[in-house]
Amino acid sequence: MDDGANPSTWLKACSRDELERNGRKLFRAGAKQIVLFATPKGLRACNNRCPHEGYPLSEGTLDSDCRLTCNWHNWKFDLEDGANLYGGDRLRTYPVALRGDDVWVDVSDPPAGERQAEAIAHLRDAFVDKEYDRIARDLVRLKQAGGALTDALAAAILWSHDRLEFGWTHAYAGAADWLALADEFQTDPERALVAVLEALTHMAEDSLREPEHGYGEESIPYDESSFLAAIEAQDEAGALARLRGGLDHGLGFADFEPALSRAALGHYNDFGHSLIYVVKCGRLVERLGRHVERPLLQSLVRGLAYTTREDLIPEFRGYAKALAKFGADPARPLDRDALRSAGIGPALDLVAAAGASPPLDLYGALLGVNAERLLNFDLAFDNRNDKPVADNANWLDVTHGITFANAVRLQCGKFPALWPAGLLQLACHAGRNLGFTDPRQDPSRWQVPDADRFFETEVAALFDHGIEEEIVAIHRVKTLLAAREEWRAGAAGEGGPHLLAAVNRYLHEPIKGRHPRRTARQAMAFVAREG
């Protein structure tokens, strides 16, 4: 083969006689391990380490068609160009030349841009199949080629946004938090890698084997009132068309944020998830840039159109009345002791009656009560198998009182007209979760004497959490970071110790993943009632 224009990158590997006598020859060039083969089609060279799990290809099987098989997991490669015949990562091959009786190999690397593009292409293959180890390796390859891990995160959003049938999931919300941790630990390559790896893997999980769910192309001039009306009517196509109209005329997330926040709090939407997603969308756009803005916003708007509206079910129907009378009594303070023992209706009444109080005072009290609910969660709800569907509550449900509270403070602080809705929906959380608590809990067991050290220790533990289920793992991340943000902001007030103790207990108590007997019993009861 041509020996190229840069002779300094060519190294003598062995003699031709030695290679043809043994059929293969391993040699090292710096950190590279390269194996040469004498094939029916001529001399060939490739990386010795299989790109799958690193086993030595010098121990592989070579057939007459120049196909090399790694005998550990049966991956097959064409040595002509390194193509993976099973669709996995390509094998790196090297130019080979004869100079007299010696075999020379060009060990130069392709240009950085080419290597970055190849890493992203391989990463996409791994992402589509949700192959955790491969995702990790391709992230490292991207970084070694001079690329940024954030490039991979942005690419994963582009790959997944139209695979989410009902819009945003915890994967994107969690990506914002993992990205914040990657930035926080940017000088620690291992932790930065873990953060992006975890974010990508959750996105891969939520889009796994999903078909494309397109958003349409219609574009209508944006105005806030018609946009909100479309979301209220659950008109996904109309809301998306108006969103695209705004984007097409240069509007960005900041322009849509007031309306998105209003829509998210327009109902008691999905137990507060919608508002959390608005916050995280803004953070992702700010950090990753406008090239992810359209896909993230389209997915978010789809989610707002499809989200459940808990204020329309009997349990929460008092919400609309409480919102209508919020702050009508300017002299009535919040009865904090009563709030601690209040169910949904009484909690709504107490907060509505105290609506003339400073919003952050009410917020601090509600955050403290929601922290108490988390601290006193009754594990029986997660462990028993003889309860009805309505009592299917676990740790994750009760954590939303913290993560939603964080979103309420941030968005209502920006748009004060939303405080009544945000505070009353926090009252809904507190009232509902009262029924899932055990007042016999000993809170002293979970007290945190040193908040800074607690957060340092628990954040470090996130990077080796050992939890298989993506949804369980990301709730740890979201809850811990939301609690830390509220603690640092001083938002919890006198409820701060309860907030720390609650998160401490949540992080260190067991969580039951699957409920086979409960599911079976509930299914049998459900079908029996069908007649």
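The values are calculated or read from the model by the stated rules, or taken from the named source; none is laboratory data. Just so we're clear, the structure is a prediction, and the values are computed from it rather than from any experiment. Backbone-built Cβ (ideal geometry, glycine too); neighbour counts: all protein chains shown. Note: areas computed on protein heavy atoms with side chains; ligands, DNA, RNA excluded. Shrake-Rupley method; radii C 1.70, N 1.55, O 1.52, S 1.80 Å.
Figures for the structure shown
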| quantity | calculated |
| --- | --- |
| Considering residues of the range 36-53 that are part of a strand (DSSP E or B) and closer than 24 Å to ASP133 by Cα only, the residue farthest from the chain's Cα centre (by Cα) | CYS46 |
| Only listed residue being touching a residue at least 24 places away in the same chain (Cβ under 8 Å), more than 33 Å from the chain's Cα centre (by Cα), surrounded by 22 or more Cβ atoms within 10 Å (Cβ to Cβ) and over 25 Å from TRP487 (Cα atoms), chosen from ALA331, ALA352 | ALA352 |
| Yes/no for LEU26 being free of Cβ contacts under 8 Å to residues at least 40 places away in the same chain and either touching an Asp or Glu at 6+ places or on another chain (Cβ under 8 Å) or assigned to a strand (DSSP E or B) (or both) | yes |
| Scan of the range 135-159 for residues that are surrounded by fewer than 17 Cβ atoms within 10 Å (Cβ to Cβ), aliphatic (A, V, I, L, M) and without any contact (Cβ under 8 Å) to a residue 40 or more places away in the chain, ordered by number | ALA148 |
| Any hit, the range 86-93, residues being polar (S, T, N, Q), modelled with pLDDT of 95 or more and either open to solvent by 60 Å² or more (accessible area, probe 1.4 Å) or in a helix (DSSP H, G or I) (or both) | no |
| Of residues in the range 211-240 being crowded, with 18+ Cβ neighbours inside 10 Å and either farther than 24 Å from LYS280 by Cβ or of a type in the set (D, E, K, R) (or both), the one nearest to the chain's Cα centre (by Cα) | GLU236 |
| Single condition ARG440 does not satisfy, out of (1) part of a helix (DSSP H, G or I); (2) open to solvent by 40 Å² or more (accessible area, probe 1.4 Å) | (1) |
| In the range 386-397, the residues that are touching a residue at least 60 places away in the same chain (Cβ under 8 Å) and among the aliphatic types (A, V, I, L, M) | VAL389, LEU396 |
| Failed criterion for ILE313 (all others in (1) in contact with a Cys (Cβ under 8 Å, 6 or more places away or on another chain); (2) open to solvent by 20 Å² or more (accessible area, probe 1.4 Å) hold) | (1) |
| Filtered residue count, the range 355-380, keeping only those that are crowded, with 20+ Cβ neighbours inside 10 Å and over 30 Å from LYS414 (Cα atoms) | 2 |
| Residue that is most open to solvent (accessible area, probe 1.4 Å), among those in the range 408-427 that are touching a residue at least 24 places away in the same chain (Cβ under 8 Å) and more than 23 Å from ARG317 (Cα to Cα) | LYS414 |
| Criterion: outside any helix (DSSP H, G or I) and touching a residue at least 24 places away in the same chain (Cβ under 8 Å) - qualifying residue of TYR222, TYR172 | TYR222 |
| Check on TYR132, open to solvent by 50 Å² or more (accessible area, probe 1.4 Å), more than 30 Å from GLU18 (Cβ to Cβ) and in contact with a Ser or Thr (Cβ under 7 Å, 6 or more places away or on another chain) | yes |
| Failed item in (1) part of a helix (DSSP H, G or I); (2) touching a His at 6+ places or on another chain (Cβ under 9 Å); (3) more than 22 Å from VAL279 (Cβ to Cβ); (4) open to solvent by 50 Å² or more (accessible area, probe 1.4 Å), with ASP162 passing the rest | (4) |
| Test: residue in the range 506-526 that is at pLDDT 95 or above, in a helix (DSSP H, G or I), surrounded by 22 or more Cβ atoms within 10 Å (Cβ to Cβ) and under 27 Å from the mean Cα position of the chain (by Cα) | yes |
| Residue that is nearest to LEU208 (Cα to Cα) [pool: residues in the range 110-129 that are of a type outside the set (A, V, I, L, M) and open to solvent by less than 30 Å² (accessible area, probe 1.4 Å)] | PHE127 |
